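Reviewing the structure listed below.
The values are calculated or read from the model by the stated rules, or taken from the named source; none is laboratory data. The shown structure was predicted, so the numbers you read here are calculated from the model rather than taken from an experiment. Cβ sites come from the backbone with ideal geometry, for glycine too, and all protein chains shown count toward neighbours. Protein only, heavy atoms only, side chains kept; ligands, DNA and RNA dropped before computing areas. Shrake-Rupley method; radii C 1.70, N 1.55, O 1.52, S 1.80 Å.
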Amino acid sequence: MTTPQDIPAPYVLAYSGEAVTPRLIFTPDPLSGELRLSYHKPRPRSDWHRGVLLARTRTNRRGQVMWRMLNRHRQQECMAKGLCQVCAGPAADPATGRIWWVITETGWRGTNDSGGLTNAPPTCRACIPASLRWCPQLRKSAAVYTVGGYESAGVLADLYEPGPGGMPVFTGDHNRFVGWEEFALLPYALATQMVVHLNDMALIEHGADPRETLLLTS
Ligand SMILES: [Zn+2]
């Protein structure tokens, strides 16, 4: 029998050897003077994105594949460039320019405009059948869409509060969505995933077992 170990791990997944233990501290923001989350030895050019501190991670793909975790760098890269989370190739359909996207219940929050928010990067058409077959999460609940466009909406983050001596105290708020307009929260957040807003979505297939009904003919 073939097992997930026999297939290449999706590009976006994290590896055990990539984990970094963060040395966090609250320090005054050089611009506003207000406290914000930082590292003991900050790298101003790479540690922040739009005012939020980014979780550090290695990108060496060493150790064991963490099948339920996304690597922060590769997740951000896929979102920024519209790359397939499985093969890292372009996720846009060459014929239509629309982007193939697999949506699951857990990685999705609908918005009022018939679009929605997700932290799952796109999946190119060629990689969709194998993804649906192998990913336990997708097997439970998945719908395949093409989307006309998407934009950066915010991050998933862990939230901290300043304790004595600027030591960060974890609030217990894990994987919380923080939008770019939530200026009061951004300085207290450690971002682990980028979140995008999808629009102009067209449902291609949906079902309890999408493998049976998914028709991806060219
Ligand atoms: Zn792909």
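Tabulated values for the structure
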read-out	value
Surface accessible to a 1.4 Å probe, per residue, for the residues of the chain, Å²	55 Å²
D200 - accessible surface, heavy atoms, 1.4 Å probe, Å² rounded to 10	90 Å²
Within the chain, percent of DSSP bridges classed antiparallel, to nearest 5	95 percent
Under-5 Å amide H pairs with Y15, H placed in peptide plane, nonlocal only	M66
G51 long-range amide H proximity, modeled H, under 5 Å	none
Burial order of peptide ranges 114-125, 97-108 (average beta-carbon count within 10 Å, highest first)	114-125, 97-108
With all protein chains modelled, accessible area of V195 [1.4 Å, Å²]	10 Å²
Farthest positive-ward along the range 12-141 dipole, Cα basis, beta-carbon charges - from V12, C135, N60	N60
Solvent accessible area, Å² - M79, 1.4 Å probe, full protein context	10 Å²
Accessible area of the chain belonging to carbon and sulfur atoms, whole % at 1.4 Å probe	54 percent
Sequence of D158, D113 when ordered by accessible area, the most exposed leading, probe 1.4 angstrom	D113, D158
Residues whose placed amide H lies under 5 Å from that of A88, excluding near-sequence neighbours	Y11
Residue among Q85, Q193, Q64 with the largest mean-square fluctuation in a Gaussian network model of the chain, springs linking Cα atoms under 10 Å	Q64
The range 112-117 - phi-based ³J(HN,Hα) in whole Hz, Karplus 6.51/-1.76/1.60, Gly and Pro as x	5, 9, 6, x, x, 10
Relative contact order computed over the range 4-213 (Cα-Cα under 8 Å; 6+ residues apart), in percent	23 percent
Protein-only accessible surface order, largest first, of F26, F170, F183 at 1.4 Å	F183, F170, F26
Ranked order, S141, S32 - accessible area, probe 1.4 Å, largest first	S32, S141
Euclidean distance of C-alpha centroids, the range 148-194 and the range 8-43, integer Å	11 Å
R0 of 45 Å, Cβ-Cβ distance S152-A95: FRET efficiency to nearest 0.05	0.95
Value of [θ]222 nm, deg cm²/dmol, for the chain, DSSP H segments ≥ 4, -39500 (n - 2.57) each, nearest 500	-3000 deg cm²/dmol
Dipole moment magnitude, nearest 20 debye, the chain about Cα centre, only Lys, Arg, Asp, Glu C-beta charged	840 debye
